[in-house]
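Let me begin by presenting the structure, written as structure tokens, before commenting on it.
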Amino acid sequence: MNSITISLFVLLIFFFHMYTKRYMRLGKLKEALSATWFMDTVFTICGIVVSFYIYHYNLTAFFTLRNILLVLTYLLITLLFILLAPSGLHLLTFKKRLTMEELLCAEYRFNDTLCMVRNFLLCLLFFVPIMAHLPIKSPDYQKLLLAWENSQIPAGFYFTVFLLLLPITLRQTFYWIKSLKQEPTALELHLMRHYILPFYCCNRNFFV
């Protein structure tokens with residue numbers, strides 16, 4: 001087993017995303033988003049397991065006094081930067097409490113933002129392993145590939161990407177599964193129709 005397995009996983013999850021768009025066009029938006037983020041979470045967990053198997057991570061080596069002090073120093077500098085900024089801690093607070101309508105609109109915009117972040121990370125997980133296995137005979141490329149494979153960069157790259165994906169997918173999975181318990185309001189139905197429209201139009205244009 002090598003890193004190309006991760007690319008195959010990404011390809012499978014891509015086909016699943018395409019499959020769930022069919023249910024979005026049928027109006028089952030919440031169900032499709034719940035299934036999509038849930039399978040993304042499963043993919044992320046499986047990816048972490050596979051990357052552990054391939055690269056044999058040694059997490060105990062990280063928990064040294066030096067690394068812990070570096071992390072604490074980084075957090076302290078970040079806190080000082082926020083405090084010294086003109087807005088201070090007010091930057092992290094809302095000036096007013098959002099209404100249910102504003103919160104719902106914000107959640108849909110937030111979902112779109114996280115989808116773009118997730119898709120970019122999935123593209124990295126798909127193309128990087130393939131580029132590392134391309135049969136290119138260029139000496140410069142072979143030298144670069146050898147340096148890549150003989151370093152800890154691939155292990156750190158995959159581990160970092162999956163760690164970024166895990167909280168994103170878990171948060172969205174919990175939110176959309178929880179939203180299934182609630183009947184959609186008039187505003188949410190309007191948002192759902194607006195959300196589904198691009199998928200419906202793309203499907204019609206594809207077959208024209």
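The values are calculated or read from the model by the stated rules, or taken from the named source; none is laboratory data. Quick caveat: nothing in here was measured; it's all calculated off a predicted structure. We place every Cβ from the backbone using ideal geometry, glycine too, and count neighbours over all the protein chains shown. Protein only, heavy atoms only, side chains kept; ligands, DNA and RNA dropped before computing areas. Shrake-Rupley method; radii C 1.70, N 1.55, O 1.52, S 1.80 Å.
Before moving on, here are some points about what is shown:
- Answer from Leu84, Leu144, Leu91 - the residue that is at pLDDT below 85, open to solvent by 90 Å² or more (accessible area, probe 1.4 Å) and within 29 Å of Trp176 (Cα to Cα): Leu91
- Hits in segment 30-46 (condition: surrounded by 17 or more Cβ atoms within 10 Å (Cβ to Cβ) and either under 30 Å from Pro154 (Cβ atoms) or among the hydrophobic types (A, V, I, L, M, F, W, C) (or both)): Ala32, Leu33, Ala35, Thr36, Trp37, Phe38, Met39, Asp40, Thr41, Phe43, Thr44
- Taking the listed residues Leu76, Leu59, the one that is farther than 20 Å from Leu164 by Cβ and either among the hydrophobic types (A, V, I, L, M, F, W, C) or at pLDDT 85 or above (or both) is Leu76, with no other qualifying.
- Condition broken by Tyr19, with the remaining ones in (1) surrounded by fewer than 16 Cβ atoms within 10 Å (Cβ to Cβ); (2) under 18 Å from the mean Cα position of the chain (by Cα); (3) of a type in the set (Phe, Trp, Tyr) satisfied: (2)
- Residues of segment 126-162 that turn out to be among the hydroxyl-bearing types (Ser, Thr, Tyr) and more than 25 Å from Ile45 (Cα to Cα), as a count: 2
- Here Gly27 passes the criteria (1) open to solvent by 90 Å² or more (accessible area, probe 1.4 Å); (2) more than 19 Å from Phe159 (Cα to Cα); (3) part of a loop (DSSP other than H, G, I, E, B) except the one numbered (1).
- Leu134 being over 21 Å from Leu33 (Cβ atoms) and loosely packed, with under 11 Cβ neighbours inside 10 Å: yes
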